[in-house]
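S.K.: Starting off with a structure, shown below.
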Amino acid sequence: MRVAPPLRWVFALLACPVLAAAADLPATLTLLEGPAGLVRGVTRYALVEGVRMQAGDIIEIGDKGLAEFEFPDGAAIAMGPGTRMLAISMPRGRSAAGDFHVTAGALKVSGVSKDARLRVSTPVFTLWPAEGASVMVVRGGDGSVFIESGSARLAAAPATHNLKSGEFFSRKDAQKGTVSQRPSQAFMDAMPKAFFDPLPSRMARYKDREAQPRRIEEVSYADVEVWLKAPAGIRRPLVARFESRADDPKFRSALEANLRFHPEWDPILYPEKYLPPETAAESAGAPPAAKK
Amino acid sequence: MKLIVKFNLVFILVFLLGLGAAGYVSNELLQRNAREEIVLNARIVMESALAARAYTSTQVGPLLQTQMKYKFLPQSVPAYSANEIFDVVRKKFPEYSYKEAVLNPTNPRNRANDWEADIVHQFRNASDRPEMIGERDTPAGRSLYIARPMQIKADACLYCHSTVDAAPKTLVEKYGPANGFGWKMNEIIGAQIVSVPTDVPVARANRAFQTFMVSLTVVFAFIFVALNLMLWYMVIRPVTRLSRLADQVSQGENMDAPDFEVKSGDEIGVLTQSFNRMKKSLVQAMKMLEG
């Protein structure tokens, strides 16, 4: 069927919002093997394929699991067994964008285009994948990154490195990070087998099919303990998020027991200590029934 | 000389000539077939190796590209896969061999030995020669070989074999920087050589020839006996008896003997009837003379 030229423009204009919406899709879980959990808000969920990632999501992959999130532009983030990741921010756009923090595990970021704005921080280093694919493994105080293709910028205090394809960064405990031309055997041993191959794309299957995670229960202290004890820049914004959980006696007692790891919870747990002096005096003199 | 002797002499002469001619033709045919079979076997082996190479370079290699950035996987190399597949085949057919003999190989197991190097040099001296077929003696017996030149025709080859700096780091890490570099476009770097044993098909052809000749001899012998028996019962015996009676009648003896029994309608039967008629006429003539 032939379409008259003016009508073609009408169709094109009508199609634009649809295409734009497709391009603005957030990262979608397109591949999941084994159990994986999601903490969204103050609730713990079980992940299922098709779930869209949101800012603030905490994703935890089981010890034998594997998950892959794909962006509409072809970029993908794969999480290996035992990986914990927080999506700090996820701005939507035509290219992959997001700020993530990984406390432990193995991560592969691939298909990164020049327009992508991705940042992955870990307790050992922070990585800005510029293009191509990179793999990182973080265990305790050790962290390593291999640039499979493309390039990436890496900051590991006190140095910054511009890593090229084939280069390998490694840092053990508090030692100085080193860049070498080949990945170490220990790194390859720690890598999930699936990361040795290109990440498969299954975005077409879930582009128009969003799934909701399966609710389990509200988070306990143990569920988010790692994050509440994370570096200050990560854990402090979480106080407002989990403040409501301090009403749960078990959660509160755990917070109190571990207060030295997250002192920013002190005003939440003991607000009276932070009242202005006159208000504090009034509160002290007030009858117990008036005290909340 | 008796009829049967003449007959048998001619029969044996024909038999020997026939046996000799059939033997010569069949032997030539079987030997030619055996050689064609050997060459065909070698070609099948060569084509299988080429198929393994093509499959590896077009399908396996691309899948392993990412892994190759971590560790060199020889499974991605066409020559390696062809050799590995053929090694499995050799477990059942140890006398067959396939080798990608290279003068300056990356993998030491592909290094050309003396006679293989000669073949490579012959290809280098005549670069338009597509194939070479020959025979050679090996410890396992005589074998036929087919060789084809390995010429660099794609840039992809030079990715691993031009210079150490240009080669994948993982390849240098595995094989070192000493060998397998410095290859040039259009250079004949080696030869694919398939060797197949000639003994087995030739022995099979010889066995077939022997079986054929023995069978032919048995058939001739059977025919010889059958023809002799037929000749004896159908010709020689009745003719001998008829001639003996004719002798007696001609001498006036045994004139009242009964007629010779006519058992068949063939030429001997007709001769017997004629003889009986002649004997009756003779008896009547004799009686008329005596009367």
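S.K.: Looking only at the range A:145-177, which residues are more than 12 Å from chain B (Cβ to nearest Cβ) and either within 24 Å of A:Lys64 (Cα to Cα) or in contact with a Cys (Cβ under 9 Å, 6 or more places away or on another chain) (or both)? Don't jump to the end; show me each part of the working.
M.R.: To start, the set of residues in the range A:145-177 that are more than 12 Å from chain B (Cβ to nearest Cβ) comprises A:145, A:151-164, A:169-177.
If the condition is that a residue be more than 12 Å from chain B (Cβ to nearest Cβ) and either within 24 Å of A:Lys64 (Cα to Cα) or in contact with a Cys (Cβ under 9 Å, 6 or more places away or on another chain) (or both), then A:Val145 is the only one that fits.
S.K.: Looking at (1) more than 14 Å from every other protein chain (Cβ to nearest Cβ); (2) touching a Lys or Arg at 6+ places or on another chain (Cβ under 6 Å), which one does A:Phe195 not meet, given that it meets all the others?
M.R.: The number of the failed condition is (1).
S.K.: Can you name every residue in the range B:72-108 that is more than 14 Å from chain A (Cβ to nearest Cβ) and of a type in the set (Gly, Ala, Ser)? Reasoning before the result, please.
M.R.: First, the residues of the range B:72-108 that are more than 14 Å from chain A (Cβ to nearest Cβ): B:74, B:77-108.
Within the range B:72-108, B:Ala79, B:Ser81, B:Ala82, B:Ser97, B:Ala101 meet the criteria.
S.K.: Hey, A:Leu238 hits all of (1) in a loop (DSSP other than H, G, I, E, B); (2) of a type in the set (A, V, I, L, M, F, W, C); (3) under 22 Å from A:Ile88 (Cβ atoms) but one; which does it fall short on?
M.R.: A:Leu238 satisfies all of (1) in a loop (DSSP other than H, G, I, E, B); (2) of a type in the set (A, V, I, L, M, F, W, C); (3) under 22 Å from A:Ile88 (Cβ atoms) except (1).
One line per residue, one yes/no per condition, for (1) at pLDDT below 85; (2) surrounded by 11 or more Cβ atoms within 10 Å (Cβ to Cβ):
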site	(1), (2)
B:Val235	no, yes
B:Val249	yes, yes
B:Gly252	yes, no
B:Met255	yes, yes
B:Pro258	yes, no
B:Gln273	no, yes
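S.K.: Then there's this: Name the residues in the range B:88-108 that are charged (D, E, K, R), more than 22 Å from B:His121 (Cβ to Cβ) and touching a strand residue (DSSP E or B) at 6+ places or on another chain (Cβ under 9 Å), would you? I'd like the intermediate steps shown before the answer.
M.R.: Step one: of the range B:88-108, the residues charged (D, E, K, R) are B:90-92, B:95, B:99-100.
Keeping just the survivors that are more than 22 Å from B:His121 (Cβ to Cβ) gives B:90-92, B:95.
Result: B:Arg90, B:Glu95.
S.K.: Would you say B:Asn179 is within 30 Å of B:Arg136 (Cβ to Cβ) and assigned to a loop (DSSP other than H, G, I, E, B)? Working first, answer last.
M.R.: On the way: within 30 Å of B:Arg136 (Cβ to Cβ): yes; assigned to a loop (DSSP other than H, G, I, E, B): yes.
Taking the combined requirement at face value, the residue satisfies it.
S.K.: Being at positive phi, touching a helix residue (DSSP H, G or I) at 6+ places or on another chain (Cβ under 9 Å) and within 11 Å of chain B (Cβ to nearest Cβ), is that true of even one residue in the range A:178-191?
M.R.: Let us first name the residues in the range A:178-191 that are at positive phi, namely none.
No: the range A:178-191 contains no residue that is at positive phi, touching a helix residue (DSSP H, G or I) at 6+ places or on another chain (Cβ under 9 Å) and within 11 Å of chain B (Cβ to nearest Cβ).
S.K.: Six or more apart or on different chains, Cβ atoms under 7 Å: show the pairs whose first residue is in the range A:257-279 and under 16 Å from A:Ala230 (Cα atoms) and whose second is surrounded by 13 or more Cβ atoms within 10 Å (Cβ to Cβ) and of a type in the set (Phe, Trp, Tyr).
M.R.: Once the first residue is under 16 Å from A:Ala230 (Cα atoms) and sits in the range A:257-279, its partners that are surrounded by 13 or more Cβ atoms within 10 Å (Cβ to Cβ) and of a type in the set (Phe, Trp, Tyr) give A:Leu259/A:Trp265.
S.K.: Name, by its number, the condition in (1) away from chain A (no Cβ under 14 Å); (2) farther than 17 Å from B:Met150 by Cβ; (3) among the hydrophobic types (A, V, I, L, M, F, W, C) that does not hold for B:Leu63.
M.R.: Every condition holds for B:Leu63 apart from (1).
S.K.: Moving on. Looking at the structure I just gave you, is B:Arg204 over 30 Å from B:Leu40 (Cβ atoms), modelled with pLDDT of 85 or more, charged (D, E, K, R) and part of a helix (DSSP H, G or I)? So that I can check it myself, show each step before the final result.
M.R.: Working: over 30 Å from B:Leu40 (Cβ atoms): no; modelled with pLDDT of 85 or more: yes; charged (D, E, K, R): yes; part of a helix (DSSP H, G or I): yes.
Considered against the rule, which asks whether it is over 30 Å from B:Leu40 (Cβ atoms), modelled with pLDDT of 85 or more, charged (D, E, K, R) and part of a helix (DSSP H, G or I), B:Arg204 comes out as no.
S.K.: Out of the residues in the range A:122-141 meeting the condition of being touching a strand residue (DSSP E or B) at 6+ places or on another chain (Cβ under 7 Å), in contact (Cβ under 8 Å) with a residue 24 or more places away in the chain and surrounded by fewer than 21 Cβ atoms within 10 Å (Cβ to Cβ), tell me which one is nearest to A:Gly233 (Cα to Cα). Outline the logic, then answer.
M.R.: Taking the range A:122-141 as the starting set, the residues that turn out to be touching a strand residue (DSSP E or B) at 6+ places or on another chain (Cβ under 7 Å) are A:122-139.
If we keep only those that are in contact (Cβ under 8 Å) with a residue 24 or more places away in the chain too, we end up with A:123-128, A:132-139.
Cutting the leftovers down to surrounded by fewer than 21 Cβ atoms within 10 Å (Cβ to Cβ) gives us A:123, A:126, A:128, A:132, A:139.
Details: A:Pro123: 11, A:Thr126: 13, A:Trp128: 18, A:Gly132: 28, A:Arg139: 20 Å.
The qualifying residue nearest to A:Gly233 (Cα to Cα) is A:Pro123.
S.K.: Ok, one more. Looking at this structure, is B:Glu116 surrounded by fewer than 19 Cβ atoms within 10 Å (Cβ to Cβ) and under 25 Å from B:Leu40 (Cβ atoms)? So that I can check it myself, show each step before the final result.
M.R.: On the way: surrounded by fewer than 19 Cβ atoms within 10 Å (Cβ to Cβ): no; under 25 Å from B:Leu40 (Cβ atoms): yes.
Here the answer is no, as B:Glu116 does not meet what is asked.
S.K.: For the range B:74-101, enumerate the residues that are surrounded by 18 or more Cβ atoms within 10 Å (Cβ to Cβ) and more than 30 Å from B:Arg136 (Cβ to Cβ).
M.R.: Matches in the range B:74-101: B:Ser76 only.
S.K.: Looking at this structure, is B:Gly190 part of a loop (DSSP other than H, G, I, E, B), away from every other protein chain (no Cβ under 14 Å) and in contact (Cβ under 8 Å) with a residue 12 or more places away in the chain?
M.R.: Values: part of a loop (DSSP other than H, G, I, E, B): no; away from every other protein chain (no Cβ under 14 Å): yes; in contact (Cβ under 8 Å) with a residue 12 or more places away in the chain: yes.
Considered against the rule, which asks whether it is part of a loop (DSSP other than H, G, I, E, B), away from every other protein chain (no Cβ under 14 Å) and in contact (Cβ under 8 Å) with a residue 12 or more places away in the chain, B:Gly190 comes out as no.
S.K.: Sort out which residues of the range A:73-96 are in a loop (DSSP other than H, G, I, E, B) and of a type in the set (A, V, I, L, M, F, W, C), and write them in order of number.
M.R.: First, the residues of the range A:73-96 that are in a loop (DSSP other than H, G, I, E, B): A:73-75, A:80-83, A:90-96.
Hits for the range A:73-96 are A:Ala75, A:Met90, A:Ala96.
S.K.: Test each condition in (1) more than 21 Å from A:Met53 (Cβ to Cβ); (2) surrounded by 12 or more Cβ atoms within 10 Å (Cβ to Cβ); (3) within 17 Å of the chain's Cα centre (by Cα) for A:Ser220 and report the one that comes out false.
M.R.: Among (1) more than 21 Å from A:Met53 (Cβ to Cβ); (2) surrounded by 12 or more Cβ atoms within 10 Å (Cβ to Cβ); (3) within 17 Å of the chain's Cα centre (by Cα), A:Ser220 violates only (3).
S.K.: I'm told B:Lys69 meets every condition in (1) more than 14 Å from chain A (Cβ to nearest Cβ); (2) modelled with pLDDT under 90 except one. Can you identify the failing condition by its number?
M.R.: Among (1) more than 14 Å from chain A (Cβ to nearest Cβ); (2) modelled with pLDDT under 90, B:Lys69 violates only (1).
S.K.: Sort out which residues of the range B:127-171 are of a type in the set (S, T, N, Q), more than 14 Å from chain A (Cβ to nearest Cβ) and not in a strand (DSSP E or B), and write them in order of number. So that I can check it myself, show each step before the final result.
M.R.: To start, the set of residues in the range B:127-171 that are of a type in the set (S, T, N, Q) comprises B:127, B:138, B:143, B:151, B:162-163, B:170.
In the following step, the residues that additionally are more than 14 Å from chain A (Cβ to nearest Cβ) were identified as B:127, B:138, B:143, B:151, B:162-163.
B:Ser127, B:Ser162, B:Thr163, listed by residue number.
S.K.: How many residues does the range A:40-72 contain that are in contact with a Phe, Trp or Tyr (Cβ under 9 Å, 6 or more places away or on another chain) and assigned to a loop (DSSP other than H, G, I, E, B)?
M.R.: Of the residues in the range A:40-72, 5 are in contact with a Phe, Trp or Tyr (Cβ under 9 Å, 6 or more places away or on another chain) and assigned to a loop (DSSP other than H, G, I, E, B).
S.K.: How about the range B:142-181: which of its residues are at pLDDT below 85 and either under 21 Å from B:Ala112 (Cα atoms) or touching a strand residue (DSSP E or B) at 6+ places or on another chain (Cβ under 6 Å) (or both)?
M.R.: B:Cys157, the sole residue that qualifies.
S.K.: Checking the condition among the small types (Gly, Ala, Ser), more than 14 Å from chain A (Cβ to nearest Cβ) and in contact with a strand residue (DSSP E or B) (Cβ under 6 Å, 6 or more places away or on another chain), which residue from B:Ala34, B:Ala49, B:Ala21 passes? Steps first, answer last, please.
M.R.: Working: B:Ala34 fails: in contact with a strand residue (DSSP E or B) (Cβ under 6 Å, 6 or more places away or on another chain); B:Ala21 fails: in contact with a strand residue (DSSP E or B) (Cβ under 6 Å, 6 or more places away or on another chain).
Exactly one residue qualifies, and that residue is B:Ala49.
S.K.: May I pose another question? Can you tell me how many residues within the range B:170-204 are of a type in the set (Gly, Ala, Ser) and surrounded by fewer than 20 Cβ atoms within 10 Å (Cβ to Cβ)? Steps first, answer last, please.
M.R.: Within the range B:170-204, the subset of a type in the set (Gly, Ala, Ser) is B:176, B:178, B:180, B:182, B:190-191, B:195, B:203.
Those left that are additionally surrounded by fewer than 20 Cβ atoms within 10 Å (Cβ to Cβ): B:176, B:178, B:182, B:203.
Final tally of qualifying residues: 4.
The values are calculated or read from the model by the stated rules, or taken from the named source; none is laboratory data. Being a predicted model, the structure only gives us computed values, none of them experimental. All Cβ positions, even for glycine, are placed from backbone atoms using ideal geometry, and neighbour counts span all protein chains on display.
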